[in-house]
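Everything below concerns the one structure shown next.
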Amino acid sequence: MAAFPEVDKIRYEGPDSKNPLAFRWYDEDEVVEGKSMKDHLRFSVVYWHTFRGNGTDPFGAATMIRPWEDGTDSVDNAINRARVAFEFMEKLGAPYYAFHDRDVAPEGATLAESNKNLDAVAAVLKEEQERTGIKLLWGTANMFSNPRFVHGASTSCNADVFAYAAAQVKKALEVTKALGGENYVFWGGREGYQNLFNTDMKREFDHLGQFMHMAVDYADEIGFDGTFLIEPKPKEPTKHQYDSDAAACINFLRAYELTDRFKLNIETNHATLAGHTMMHELDYAGHQGLLGSIDANTGDLMLGWDTDQFPTNIYLTTEIMLMLLKHGGVAPGGTNFDAKVKRESFEPIDLFYAHIGGMDAFARGLKIAAAIRADGEVEKLVKDRYASWESGIGAKIESGSENFKTLEAYMLEKGEVAPNQSGRQELIENLINGYL
């Protein structure tokens, strides 16, 4: 029996459509800069918020109406939920999905029972993937919810917890490979500290690096050739997480010689918590050659925590798409809706409204970003701003032919620097607004 009988396949109807169950901007076959929107955006639906979120918050109980749930944490309920998830994704037209191991299957009383539960549900996920053609963007392991991870997983002060986490990732990697997952993500939800007085930071970083190398070694052993992704986040739930932002993650990957197998999965709300914009994080990871995927959401700047709202701000999605186009696209990852409907949006149909809005916002951002790039006005302003580096002393510095002595001689002879030019910041902001 269908879980969403009132919803047909979501179609593109164009900007003039008033149908809330239709795309106004996302036409998956429309070609932009030589690729279809579907291939540019690689939309993915997350399992944890969309199919496990229940609307609880620190001040109130669950609000979500989910008629397909039977109130149990059983394998049978998990299997039924999986079939509902694929009905939703098939009608939405999302080509990918992503999950944590404990999202899709209940944790058992023992590790062996948890693995058995995961295998049972994974068999159904594989059936549904084959039926619909929907693919697994990435899998991951939840190593932050269970109390055993109170001090972290691979960075725990308890060696048994490290061992348990390794066993859990081993199984999650096997399932990800069996389902054809294109990536595997690490989000260190509790890999960090609350108090440095009781923390051996170097030891914890070394353990984290060792754990990642074990994951790579096992991936090679079983023939999983997908990309590993690390997802930066500065805080919450820990006071300080070791994967705090793109720069910290890239420094870690270089220090532990992992850059050949890892890239970053960057999230808007996490960038905000780190005191950065999403544009900053994407550009930093992109010019380091380590941009692999994005989590598409937004936070509420008036609240200051990880609210994981659906992205509807066209300015934001334009900024994101400018960076993705600049750095060659989002593959091997995708545009993953790590976003949840608000607690007050509790009916099943709200899941469609939220995802349609997010997909349209990104499609519109893609078209605007492509138009900005095609016109070249913004690019020209940037080029003009750095004109002094194209010839003369600037070109010599960049070529590596100058040093402190030669530059001192240059300035002693010249006497003073050439006049600075205006940054034209308001002009460039006006130009961007003109495309919206």
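The values are calculated or read from the model by the stated rules, or taken from the named source; none is laboratory data. Since the model is a prediction, treat every value here as computed from it, not as a measurement. Every residue, glycine as well, gets a Cβ built from its backbone with ideal geometry; the counts of neighbours run over all protein chains shown. Quick note on the areas: whole protein, heavy atoms, side chains included, nothing else; ligands and nucleic acids left out. Shrake-Rupley method; radii C 1.70, N 1.55, O 1.52, S 1.80 Å.
Scanning segment 1-18 for residues that are of a type outside the set (A, V, I, L, M) and open to solvent by 60 Å² or more (accessible area, probe 1.4 Å) turns up PRO5, GLU6, ASP8, LYS9, ARG11, TYR12, GLU13, ASP16, LYS18. Checked against the criterion of being in contact (Cβ under 8 Å) with a residue 60 or more places away in the chain, open to solvent by 60 Å² or more (accessible area, probe 1.4 Å) and touching a strand residue (DSSP E or B) at 6+ places or on another chain (Cβ under 9 Å), segment 289-307 has no qualifying residue. With respect to the conditions (1) modelled with pLDDT under 95; (2) under 13 Å from the mean Cα position of the chain (by Cα); (3) among the acidic types (Asp, Glu), ASP245 lacks only one, and its number is (1).
Just to verify a result, which residue in segment 248-269, among those that are open to solvent by less than 10 Å² (accessible area, probe 1.4 Å) and farther than 16 Å from GLY328 by Cα, is nearest to the chain's Cα centre (by Cα)?
So the first thing to find is which residues in segment 248-269 are open to solvent by less than 10 Å² (accessible area, probe 1.4 Å), and the list is 249-250, 253, 258, 262, 264-269.
Imposing the further condition that a residue be farther than 16 Å from GLY328 by Cα reduces the set to 249-250, 253, 258, 262, 267-269.
On the way: CYS249: 14, ILE250: 16, LEU253: 18, LEU258: 19, PHE262: 14, GLU267: 5, THR268: 8, ASN269: 10 Å.
Going through the qualifying residues, I end up with GLU267.
Tell me whether segment 97-110 contains one or more residues that are open to solvent by 40 Å² or more (accessible area, probe 1.4 Å) and part of a helix (DSSP H, G or I).
Just the residues of segment 97-110 that are open to solvent by 40 Å² or more (accessible area, probe 1.4 Å), to begin with: 107, 109-110.
Next cut, part of a helix (DSSP H, G or I) only: none.
Checked segment 97-110: no residue is open to solvent by 40 Å² or more (accessible area, probe 1.4 Å) and part of a helix (DSSP H, G or I).
When restricted to residues that are touching a helix residue (DSSP H, G or I) at 6+ places or on another chain (Cβ under 8 Å), over 19 Å from VAL341 (Cα atoms) and either assigned to a loop (DSSP other than H, G, I, E, B) or hydroxyl-bearing (Ser, Thr, Tyr) (or both), segment 277-314 contains 4. Taking ARG81, is it more than 22 Å from the chain's Cα centre (by Cα), buried (at least 18 other Cβ atoms within 10 Å of the Cβ) and either in a loop (DSSP other than H, G, I, E, B) or without any contact (Cβ under 8 Å) to a residue 12 or more places away in the chain (or both)? For ARG81, the condition - more than 22 Å from the chain's Cα centre (by Cα), buried (at least 18 other Cβ atoms within 10 Å of the Cβ) and either in a loop (DSSP other than H, G, I, E, B) or without any contact (Cβ under 8 Å) to a residue 12 or more places away in the chain (or both) - is not met.
Note on segment 147-177: among residues that are assigned to a loop (DSSP other than H, G, I, E, B) and buried (at least 19 other Cβ atoms within 10 Å of the Cβ), the one that is farthest from the chain's Cα centre (by Cα) is SER156.
Of the residues GLY181, GLY139, GLY209, GLY188, which is touching an Asp or Glu at 6+ places or on another chain (Cβ under 6 Å) and either in a helix (DSSP H, G or I) or surrounded by 23 or more Cβ atoms within 10 Å (Cβ to Cβ) (or both)?
On the way: GLY181 fails: touching an Asp or Glu at 6+ places or on another chain (Cβ under 6 Å); GLY139 fails: touching an Asp or Glu at 6+ places or on another chain (Cβ under 6 Å); GLY209 fails: touching an Asp or Glu at 6+ places or on another chain (Cβ under 6 Å).
Being touching an Asp or Glu at 6+ places or on another chain (Cβ under 6 Å) and either in a helix (DSSP H, G or I) or surrounded by 23 or more Cβ atoms within 10 Å (Cβ to Cβ) (or both) holds for just one of GLY181, GLY139, GLY209, GLY188, which is GLY188.
Looking at segment 37-60, can you tell me whether even one residue there is among the acidic types (Asp, Glu) and either open to solvent by 70 Å² or more (accessible area, probe 1.4 Å) or part of a helix (DSSP H, G or I) (or both)?
First, the residues of segment 37-60 that are among the acidic types (Asp, Glu): 39, 57.
Next, from what is left, pick out any that are either open to solvent by 70 Å² or more (accessible area, probe 1.4 Å) or part of a helix (DSSP H, G or I) (or both): 39.
There is at least one residue in segment 37-60 that is among the acidic types (Asp, Glu) and either open to solvent by 70 Å² or more (accessible area, probe 1.4 Å) or part of a helix (DSSP H, G or I) (or both).
Going by the structure shown, is GLU319 outside any loop (DSSP other than H, G, I, E, B), surrounded by 23 or more Cβ atoms within 10 Å (Cβ to Cβ) and acidic (Asp, Glu)? It is false that GLU319 is outside any loop (DSSP other than H, G, I, E, B), surrounded by 23 or more Cβ atoms within 10 Å (Cβ to Cβ) and acidic (Asp, Glu). Counting the residues of segment 335-353 that are in contact (Cβ under 8 Å) with a residue 12 or more places away in the chain and either farther than 10 Å from VAL45 by Cα or open to solvent by 40 Å² or more (accessible area, probe 1.4 Å) (or both) gives 12. Is there a residue in segment 64-72 that is exposed (fewer than 15 other Cβ atoms within 10 Å of the Cβ), modelled with pLDDT of 95 or more and under 24 Å from ILE356 (Cβ atoms)? Within segment 64-72, one or more residues are exposed (fewer than 15 other Cβ atoms within 10 Å of the Cβ), modelled with pLDDT of 95 or more and under 24 Å from ILE356 (Cβ atoms).
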